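The values are calculated or read from the model by the stated rules, or taken from the named source; none is laboratory data. Since the structure is predicted, the reported quantities are computational estimates derived from the model, not experimental observations. Cβ placement follows ideal geometry from the backbone for every residue including glycine, while neighbour counts extend to all protein chains displayed. To get the accessible areas, we keep the full protein, side chains included, count just its heavy atoms, and leave off ligands, DNA and RNA. Shrake-Rupley method; radii C 1.70, N 1.55, O 1.52, S 1.80 Å.
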Amino acid sequence: MTKVLVVHGSKLGGTAEIAEWVGADLREVADLDVDVMPAAASVDVTAYDGVVIGGALYAGRWHRDARRFARSNAGKLSHLPVWAFSSGPLDRSAEEGIQPTRSVHKIIQRVGVRDHATFGGRLEPDAKGFMVSSLAKSSGGDYRDRRQIRDWALGIAKELEAVDR
């Protein structure tokens, strides 16, 4: 059975939830063996047939844990099929398709990512912290498109099926 690792760097939980959705879609639709965990977890990526890395965007950069995971595993990941996603825009712009930020683009080139998607973010209106609470008042809400995420996950499943043959 094809084994897939989905890791995420998430501060407020929205990106972690996207990672869980991707993992569930890969399990349920493609019948893959999927582990979903924080990017800070200690894991041997060579035990997997494919990897998905997700990072919440903050000021155009992935969450620190996602960056560190990609950097520390770059050599091993370059020999595996890898996909990546970012989450963060607090509007509907991600539904039209957004290119990765310059910082994320460097990471995905280094790792050899097959595909990258940017999904809308989620910010609860009652988020805590000076900067976050101020932003939440003007842009708070859930901008994640579940169908877009599911379609992207199904594309990964098809590619893994082709690789497995």
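A few comments on the model shown:
- Leu5 vs. criteria under 19 Å from Ala162 (Cα atoms) and either at pLDDT 95 or above or not basic (Lys, Arg) (or both): yes
- Residue list for the range 107-121, restricted to those being surrounded by 13 or more Cβ atoms within 10 Å (Cβ to Cβ), of a type outside the set (Asp, Glu) and modelled with pLDDT of 90 or more: Ile107, Ile108, Arg110, Val111, Gly112, Val113, Arg114, His116, Ala117, Thr118, Phe119, Gly120
- Of the helices (runs of 4 or more DSSP H) entirely within the range 1-77, those holding at least 3 residues that are open to solvent by 20 Å² or more (accessible area, probe 1.4 Å) and not charged (D, E, K, R) occupy 14-30.
- Residues that are open to solvent by less than 30 Å² (accessible area, probe 1.4 Å), in contact with a helix residue (DSSP H, G or I) (Cβ under 6 Å, 6 or more places away or on another chain) and modelled with pLDDT of 70 or more, drawn from the range 122-165: Leu123, Ile149, Ala153, Ala157
- Scanning the range 78-97 for residues that are of a type outside the set (Ser, Thr, Tyr), open to solvent by 60 Å² or more (accessible area, probe 1.4 Å) and closer than 23 Å to Ala157 by Cβ yields His79, Glu95.
- Residue count for the range 20-56, restricted to those that are within 18 Å of Thr118 (Cβ to Cβ), in contact (Cβ under 8 Å) with a residue 40 or more places away in the chain and of a type in the set (Gly, Ala, Ser): 3
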